[in-house]
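Student: My structure is below; once you've seen it, I'll send some questions.
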Amino acid sequence: MRSDDGVLEIGECTDHCVHPETVRHVRSRALPENDLAQVAAVFKLLGDPTRAKLLYALLEAGELCVCDLAASTGVAETTASQSLRLLRASQVVTARREGRLMYYRLADAHVRMLLDLTREHLTHEPDAGNGAEHVAAVRPIESTRRAGGRRPVRSGAEA
């Protein structure tokens with residue numbers, strides 16, 4: 001039988017599940033649908049090649065004005081500005097004004113970590129092992145939400 005949200009009930013799954021306790025554990029830790037929608041929105045935002053190019057330029061430079069970002073990436077200034085507006089609205093980058101110029105930087109260590117891990121994933125050697133040593137080095141995500149409804153953060157990570 002399926003629940004109201006269309007998910008197979010665990011009792012019915014036990015006939016087919018090899019590890020029902022693992023299934024229960026995973027289901028108990030699953031993100032709520034609205035959080036999953038936010039995750040998908042962030043990845044959709046990061047999935048645009050122009051925005052990715054701008055983000056990696058900021059990762060390398062630390063902080064750049066729109067005109068320098070456009071020049072260093074080969075993106076038109078208007079395109080860069082539109083992309084940065086979306087990234088800023090989603091709190092992926094922050095901005096500060098200095099006179100007539102807007103300077104942009106990555107919002108926090110989580111964004112830098114995500115970009116670094118993505119680049120590492122793309123350049124790793126498939127035969128170099130299963131990556132268990134790298135996974136073990138990444139601190140586990142705390143399982144409870146922080147006060148004020150904020151998302152969980154990695155233990156010891158700085159925002």
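No lab work stands behind these numbers, since they all come straight from the coordinates. Everything numeric here is computed off the predicted structure, so don't read it as measured data. Positions of Cβ are generated from backbone atoms using ideal geometry, with glycine treated the same way; all protein chains shown enter the neighbour counts.
Student: Looking at the stretch 33-107, which trypsin sites (Lys or Arg not before Pro) are in a loop (DSSP not H, G, I, E or B) and have at most 14 other Cβ atoms within 10 Å?
Tutor: Arg100
Student: Still on this structure, please answer the following. Sequence gap at least 6, Cα distance under 8 Å: using those rules, report the relative contact order of the stretch 10-129 to the nearest whole percent.
Tutor: For the stretch 10-129, the relative contact order is 19 percent.
Student: Magnitude of the Cβ-charge dipole of the stretch 43-109, K/R +1 and D/E -1, about the Cα centre, nearest 20 debye?
Tutor: 240 debye
Student: In a shell of Cβ-Cβ distance under 12 Å around Thr94, excluding Thr94 itself, what net charge do Lys and Arg (+1) and Asp and Glu (-1) give?
Tutor: +2
Student: Which distance in nm do the two modelled labels at Val39 and Arg97 give, with both placed 7 Å along the Cα-to-Cβ direction?
Tutor: 3.8 nm
Student: With the cut-off at 1.5 for a/c, could you classify the stretch 43-109 from its C-alpha gyration tensor as rounded, prolate or oblate?
Tutor: Cα axes put the stretch 43-109 in the rounded bin.
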